[in-house]
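The values are calculated or read from the model by the stated rules, or taken from the named source; none is laboratory data. A quick note: this is a predicted structure, and the numbers were derived from the prediction, not measured. Cβ placement follows ideal geometry from the backbone for every residue including glycine, while neighbour counts extend to all protein chains displayed. These area figures cover heavy atoms from the full protein model, side chains too; ligands, DNA and RNA do not enter into them. Shrake-Rupley method; radii C 1.70, N 1.55, O 1.52, S 1.80 Å.
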Amino acid sequence: MDRFCRSDILRILHITPKQLSGWQRAGLAPVSDDFSFFDLIQLKKVRDLCAKRVRPAVIRESLVAMRKQVAGMQNPFLEASIFSVGSRLAFRHQGRSLEPVEGQFVMEFEPVGAVVSAKVRPITHDEAIAIYQQVIEIEPEYAAAHINLGTLFYNRRDFASAEKHYGLAIKADPRYALAYFDLGNVLDETDRIQEAIVAYRMAIQLAPTYGDAHYNLALAYERMHQPRQALAHWQTYAKLDRVGPWSVHARNRIARILEADKLKMVFRRQK
C-alpha cells in the first residue's frame, strides 16, 4: 500500500482532523486528501515533534533554513535525522548535527531530545539498504532515496554501486546539486579526477554557495596540479566558512598558492 486517504492517515497516526488540517496550513503536509508513503513518514515525524512541544511554525522555519544550509537538499525530514533541542530543531547530516536557523553546530552528549522510541533498536547497514531498495521499488525516481542508498554503499566502499545510485538520482532530478557533489566524491575516490571536477562544477553551477563543493573542487584542481584554478575555489570557500578547521586549511592553501606565484614571478624577472 503506497497511497493513503485522509481517514487512513488519521487512523494510522492516531491524530485528529484538526491536527492534520493545522499541519497542512503550516505547510508541513500536502493540502490533499490523498497521501504518499513519504507523506506518512513526514507526518509521523511532525506528530512526534509536536508531542515534544515543538510548534509547527518552528518546524516549518527549521525545514526552510535546513534547505538553505545544505545545498541540494529537498526534504530534510527524509534526507537527514531530526531531533529537538529544547523548543528548537536540529538535524544530523553527514556526521554533523546542525541547528539550521542560527547556523550553529550542536554538540550531542546524550540523545535526550531524539525523536525516537527507546524500544527501537538501531538498524544495520544491510537493513537500511534493504529498506531504501524497497522505497525505490515503490518510487523508482525518488532522488533522495537513491542519494541515501548511494551513501550507504559509499561508506562500505562499494563505489560502483554508489556511483550507480548517484547517477540515478541525477537522472531522476537533474537539478539536484547534492547528487552531483556525491558523484564527484565517488569519482575522486576512484581516481577519475577530471570527471570529478566536472561533477563538482555542476554542483556549484546549481548551488553557487555550496561550500563543500568548492572545497572538494579546490582539492581536485590541486591534485591535477592546477593551483590557480584551485585558488578561486579556496577563496570562495573561505568566504562561505569563516570559522573552523576547514576554513583554516583553506586560508593556508590560499597563502601557499599566492606565495608560490610570487616566487615564480621573481624567478622569471631574474631570468
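Taking the range 1-94, which trypsin sites (Lys or Arg not before Pro) meet the DSSP loop condition and have no more than 11 other C-beta atoms within 10 Å? Passing both the DSSP loop test and the Cβ count: 53. Taking amide H as placed 1.01 Å from N in the peptide plane, residue 82 has its amide H under 5 Å from the amide H of 92, each at least 5 places away in sequence or on another chain. The trypsin sites (Lys or Arg not before Pro) of the range 222-252 meeting both criteria, a DSSP state outside H, G, I, E and B (loop) and at most 15 other C-beta atoms within 10 angstrom of the site's C-beta, are 242.
Structural size metrics of the chain, computed from C-alpha coordinates, are Rg and Dmax of 21.6, 83 Å.
Over the residues of the chain, the helix contribution to mean residue ellipticity at 222 nm works out to -20000 deg cm²/dmol, using -39500 (n - 2.57) for each DSSP H run of at least 4.
Taking a ≥ b ≥ c as the square roots of the eigenvalues of the Cα gyration tensor, the range 206-249 is oblate, since a/c reaches 1.5 or more and a/b is not larger than b/c. Accessible surface of residue 137, taken over heavy atoms with a 1.4 Å probe and every protein chain present, rounds to 150 Å².
Taking all Cα pairs closer than 8 Å and separated by 6 or more residues, the relative contact order of the range 154-250 comes to 18 percent.
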